[in-house]
Ligand SMILES: [Zn+2]
Ligand SMILES: [Zn+2]
């Protein structure tokens, strides 16, 4: 309930499946979603997804959950590329290459430390400059160790892409996400062919200090 900001890379179900339950508990915790929660997202689908998440409360069976009581989170719709000043943070975004509109993020705190998120995306060269010098790079590897020709990648990357981008960008650390945990060791070794810094691969049920 201490979460006050949600940043969506894009609106595919695997990235918002928990939103309805989260908004429900957030509402009963604070009663004013608008004052306590900000959602930052690409503009194309976020309104519909927020509507669906609140409709899923089924307010006909829970009058307290009526939409006019709940309100909506504060919503920041991002441009295709640009920089957002957000509290003590600077949020840079560029468009991803994916099946739906998405963003890659670079978030920098007041000390100048930064973390990059590829979101779901196929490789494109700008990723290497956008993430240049980032402290931690969280990169998807949907294809794990499979090297797939760019034309055959419908908007996703492999551990090869993640390792190459992390190396070219000079990232301080690489975190591989968005593939089956059964690929964990092989994916880390695959990215390690290109990137020689620390590579992590979060596993459900474990906590790894970033
Ligand atoms: Zn996706
Ligand atoms: Zn996804």
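The values are calculated or read from the model by the stated rules, or taken from the named source; none is laboratory data. Only a predicted model underlies this, so the values are computations on that prediction, with no experimental measurement involved. A quick note on method: Cβ atoms are made from the backbone with ideal geometry, for glycine too, and the neighbour counts reach across all protein chains shown.
Within 23 Å of residue 100 (Cα to Cα), away from ligand 2 (no atom under 16 Å from the Cβ) and either in a helix (DSSP H, G or I) or out of contact with any strand residue (DSSP E or B) (no Cβ under 6 Å at 6 or more places or on another chain) (or both): which single residue out of 11, 23, 50 fits that description?
Numbers: 11 fails: away from ligand 2 (no atom under 16 Å from the Cβ); 23 fails: within 23 Å of residue 100 (Cα to Cα).
Step by step, each of 11, 23, 50 is checked, and only 50 is within 23 Å of residue 100 (Cα to Cα), away from ligand 2 (no atom under 16 Å from the Cβ) and either in a helix (DSSP H, G or I) or out of contact with any strand residue (DSSP E or B) (no Cβ under 6 Å at 6 or more places or on another chain) (or both).
Consider residue 78 carefully, then state whether it is under 27 Å from residue 94 (Cα atoms), more than 15 Å from the chain's Cα centre (by Cα), crowded, with 16+ Cβ neighbours inside 10 Å and more than 16 Å from ligand 2 (Cβ to nearest atom). Give the steps one after another, and end with the answer.
Values: under 27 Å from residue 94 (Cα atoms): yes; more than 15 Å from the chain's Cα centre (by Cα): no; crowded, with 16+ Cβ neighbours inside 10 Å: yes; more than 16 Å from ligand 2 (Cβ to nearest atom): yes.
Spelling it out, it is not the case that residue 78 is under 27 Å from residue 94 (Cα atoms), more than 15 Å from the chain's Cα centre (by Cα), crowded, with 16+ Cβ neighbours inside 10 Å and more than 16 Å from ligand 2 (Cβ to nearest atom).
Are there any pairs with C-beta distances below 7 angstrom linking a residue in the range 175-189 that is over 19 Å from residue 137 (Cβ atoms) to a residue that is modelled with pLDDT under 90, with the two at least 6 apart or on different chains, and if so which?
Filtered contacts from the range 175-189: 181/203; 181/204.
Tell me, which residue of the range 26-42 that is over 20 Å from residue 78 (Cβ atoms) and not in a loop (DSSP other than H, G, I, E, B) is nearest to ligand 1 (Cβ to nearest atom)? Reasoning before the result, please.
As a first pass, look at the range 26-42 and keep what is over 20 Å from residue 78 (Cβ atoms): 26-32, 35-36.
Subsequent filtering for residues that are not in a loop (DSSP other than H, G, I, E, B) retains 26-30, 35-36.
Values: 26: 24, 27: 27, 28: 30, 29: 29, 30: 30, 35: 30, 36: 27 Å.
For the range 26-42, the residue satisfying everything is 26.
Here's the yes/no breakdown for (1) surrounded by 23 or more Cβ atoms within 10 Å (Cβ to Cβ); (2) in a strand (DSSP E or B); (3) within 13 Å of the chain's Cα centre (by Cα):
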site	(1), (2), (3)
93	yes, yes, yes
106	no, yes, yes
121	yes, no, yes
132	no, no, no
165	yes, no, no
